[in-house]
Structures are given as structure tokens and as C-alpha cells.
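Here is the structure we will look at, set down as C-alpha cells.
Readers should treat all values here as calculations from the given coordinates under stated rules, not as data from a laboratory. Source: prediction; values computed, not measured. Glycine gets a Cβ as well: all are built from the backbone with ideal geometry, and neighbour counts include every protein chain shown.
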Ligand SMILES: Nc1ncnc2c1ncn2[C@@H]1O[C@H](COP(=O)(O)OP(=O)(O)OP(=O)(O)O)[C@@H](O)[C@H]1O
Ligand SMILES: [Mg+2]
């Protein structure tokens, strides 16, 4: 059995201050290869906190988080950055593009970390932009693009380095219905190619495109009715071919680069 791409066990994240806020109060979640999971919940429920933890952008207060079966709690900042850069792609509500750089340069930033050879970077960035329908806009500034186009640039940046896991925090939150649908269509295609996706959303239609739907409530995750209706965790073999283009860096590769040892799945 292959390891979950991402697995949280009893994850707690508290924020200090005058009063301690327990944003995550013992979250258990496993994303199998090829999973497509929507996470919903009220404002303040801890959705972004969960995504930041899964993206190795934030540390846990307690519990353990595994990426490709490797425990991440023992990793130092450099190792976390290496795992993040080679394994995880991000898409945010507000795009996070640099207006002073071209569309192509924004996508090339995905290669800051990770082991993609220099000579392959530009062709891969161009291919990713072609895939999202923006191959003719390489030299444009993101500032001249529509919201939907900006988000498609962000998606190209998120996937061009061949991540195993795509994390999206309200990716359609600033988009109209038609652009939301285009973005979700892209996510569905990427998922069909084998990419594991977790998406945070307030939008029922967006959540409906995912195969699983989970709700964050009081800092813990609950299956929603939609998940019961559309069971997830099919073995990846039941969903068509796994990614086989050789572009996905494995954690083993990263371990070689960073010297990670002993972080075994318990
Ligand atoms: N850096 C921080 N310091 C202190 N408290 C924080 C911090 N980040 C988040 N919190 C608190 O943790 C809780 C969860 O916040 P989070 O941003 O994860 O919610 P959310 O579900 O993403 O909400 P929204 O739908 O409004 O984006 C909130 O009570 C928030 O105030
Ligand atoms: Mg949020």
C-alpha cells in the first residue's frame, strides 16, 4: 500500500496571546495519492491554519504531520523548505503574483527550491502557461491580466515544478462564476492526471467538484454528507494511471539532498 501523500495525526495548532486560540484541536486527515478533497467551514474555523500546516508554512503545537510517509516535526527550516519546494504547490485567493515581473518570471519563481535543472525550467514554465491558456502572455505584467487570468498564472506556477500535492485556499474567492468554473476545470484535469489536491472553499459548487468534502468545526474535521455520498480513498489504481511522467520529485530525492534521516512513518 502506498503511503498517504499527506497525513495529519491528532494535529493541534494553538496561537498564544492574552487568550490562547486553539485553531486546530486534534485534526486527523489522510490524503491518498490522487485524492481531491474540499475543506469547508465557517470563518475562523481554522481552514487557513490547516492549509498552512499542510504546506509546511506553519508548525504544529502537537501531533504529527507526515508528507509521503515521512514525519515532518523533526525537520529543520532548510529541510522544510526543500520538501515544500519539491512536493507542494500553492494557490491563494489573492493570487500572490509580483506585478513588477512578467507572467513568465512569476511562474519561474516556482523553481527557487527543488531539483529541476536550469535548462528545463523555462520550457516547463512555458508548457504550464500553455496548459492554462496563457502561452501568448509570457511577457505581460500580471497587473494587465483579468482576475481569472491571474489565477491561471498562479496555477501554472503552482504545478510547473511537478508537485505531489496542490493546496488551494479559497482559489475562486475573488472570481466570478465563469472564472471559478475555469479554475475548477483546471483542478479537475490536474487531479485526473494524478495530482493530489486539497481545496478550501466557502462555495458549495466549488466543493462539489471535489471527491471528498470535509468540514472543519471547533477545530476538528468532520465528514460531510457529500463525502458519504461520494466515497473517497479509492485506491489510486481504481482511478486510472498514477502520474508516470517522471517529473514528480519524491521525498526520497529530497532526503538525499537534505540529509533527512530517520523520519519514518509510525
Ligand atoms: N497568527 C495568528 N495569531 C493568532 N491567532 C490566529 C493566527 N492565525 C489564525 N488565528 C486564529 O485562529 C483561528 C482560525 O483562523 P483561520 O485563519 O485558520 O480561519 P479560517 O477558517 O481560514 O477563516 P476564514 O474563512 O475567515 O479565512 C481564528 O480564531 C484566528 O483568529
Ligand atoms: Mg482563511
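When the distances between all Cα atoms of the stretch 133-231 are binned every 10 Å from zero, what whole-number percent does each bin get?
Final binned percentages: 14, 44, 31, 9, 2.
How high is the relative contact order of the stretch 123-184? Use alpha-carbon pairs under 8 Å, at least six apart in sequence, and give a whole percent.
Contact order relative to length: 35 percent.
Under the rule a/c < 1.5 gives rounded, and otherwise a/b versus b/c splits prolate from oblate, where does the stretch 120-191 land using the Cα gyration tensor?
Since a/c reaches 1.5 but b/c is at least a/b, the shape of the stretch 120-191 is classed as oblate.
What does the highest-first list of 33-42, 201-210, 153-162, 87-96 look like by mean Cβ count within 10 Å? Walk me through the intermediate numbers first.
Values: 33-42: 22.3, 201-210: 18.7, 153-162: 25.4, 87-96: 20.6.
Highest to lowest by the protection proxy: 153-162, 33-42, 87-96, 201-210.
Relative contact order for the stretch 6-258 using alpha-carbon pairs under 8 Å, separation at least 6, rounded to a whole percent?
Normalised by residue count, the contact order of the stretch 6-258 is 29 percent.
Please report the Cα spread of the stretch 24-108 along all three principal axes, rounded to whole Å, starting with the longest.
Per principal axis, max minus min of the Cα coordinates gives 42, 33, 27 Å.
Sorted from largest down, give the three principal axis spans of the alpha carbons of the stretch 6-258, whole angstrom values.
On the principal axes, the stretch 6-258 reaches 47, 46, 44 Å in Cα extent.
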